[in-house]
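> Below you will find the structure I want to go over with you.
Throughout, read-outs are computed from the coordinates displayed, never taken from laboratory work. Everything quoted here is computed from the prediction, not taken from an experiment. We place every Cβ from the backbone using ideal geometry, glycine too, and count neighbours over all the protein chains shown.
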Amino acid sequence: MPSAEYGMLKLPRDLADLRLLKDQLAKYVQVYPAKFVLGYCSIYIFMQTFMIPGTIFMSLLAGPLFGVKGTFLVVFNATAGASCCYFLSKLIGKPIVTWLWPERLRYFQAEIAKRREKLINYMLFLKVTPTLPNLFINLASPIVDIPFHIFFLATVIGLIPASYITVRAGLALGDLKSFKDLYDVKTLVLLFLIGSLLLVPTLLKRKRIYEWDVMSFHTSLWRWSTR
């Protein structure tokens, strides 16, 4: 890349910056595909690991640069970065999270404690829907003792719907006027619907436990009455 063009590179802060960056990088994706993918992944994972704002722009950029298959690249980068963030928080994150979000952390810990038996379903729900910010989930998960294998699996699967929507929006970057167009009401309803379906096994299990408790109570009452 000529030095004159290299000087124009910067992390985008709005959609106008993103369109200019896309125009600058489009030809280099074709000429140096391996190097470009390596650089893209390195920047994305670094930003995700150290909680640097702007990964949404990187996800949008995947659309025009890599096409729909960029979804897999976004999911890979987001999962790798979230995993690094998880272990970073495990080492030094507890005092920071406790100081920044004390009430939210207590709520999250209580919810996790209630759902230990079906934790994967609850984590999938959180990753699919915007109920809690992904930044908070990544930082708080090791603090509330969510096993890494559950966190990893929920992240890989849970990020697919939102990543696909973002990459598709990046393909129509010229028509995108604001982030409100990215996550409109229909999109949010769809994400919550997918997340709710992931909670069905947990709800069914609770119903079976309730029915078993009621049946046991009636049986005990009948035995007591026939003595």
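> Report ³J(HN,Hα) in whole Hz for each residue of the range 22-36, in order, from the Karplus equation J = 6.51 cos²θ - 1.76 cosθ + 1.60 where θ = phi - 60°; Gly and Pro get x.
Taking θ as phi minus 60°, the curve returns 4, 5, 5, 8, 3, 6, 6, 4, 6, 7, 10, x, 5, 5, 5 Hz for the range 22-36.
> Related question: Quick check: pseudo-label points 7 Å beyond the Cα along Cα→Cβ at Ser3 and Arg115, how many nm apart are they?
That separation, rounded to one decimal, is 5.5 nm.
> Sticking with this structure for a sec: For the range 25-108, run through the chymotrypsin sites (Phe, Trp or Tyr not before Pro) and keep only the ones in DSSP coil with at most 12 other Cβ atoms within 10 Å of their Cβ.
Working: sites: Tyr28, Phe36, Tyr40, Tyr44, Phe46, Phe50, Phe57, Phe66, Phe72, Phe76, Tyr86, Phe87, Trp99, Tyr107, Phe108; in loops: Phe50.
Filter output for the range 25-108: Phe50.
> What pairs in Lys127/Lys177; Lys90/Lys127; Lys10/Lys69; Lys27/Lys127; Lys69/Lys177; Lys90/Lys114 have C-alpha atoms more than 31 Å from each other? The partial results should precede the final answer.
Numbers: Lys127/Lys177 26 Å; Lys90/Lys127 19 Å; Lys10/Lys69 24 Å; Lys27/Lys127 34 Å; Lys69/Lys177 23 Å; Lys90/Lys114 22 Å.
Among Lys127/Lys177; Lys90/Lys127; Lys10/Lys69; Lys27/Lys127; Lys69/Lys177; Lys90/Lys114, the Cα-Cα distance tops 31 Å for Lys27/Lys127.
> Between Ile52 and Leu100, with labels modelled 7 Å along Cα→Cβ, what's the label distance in nm to one decimal, could you check?
1.6 nm
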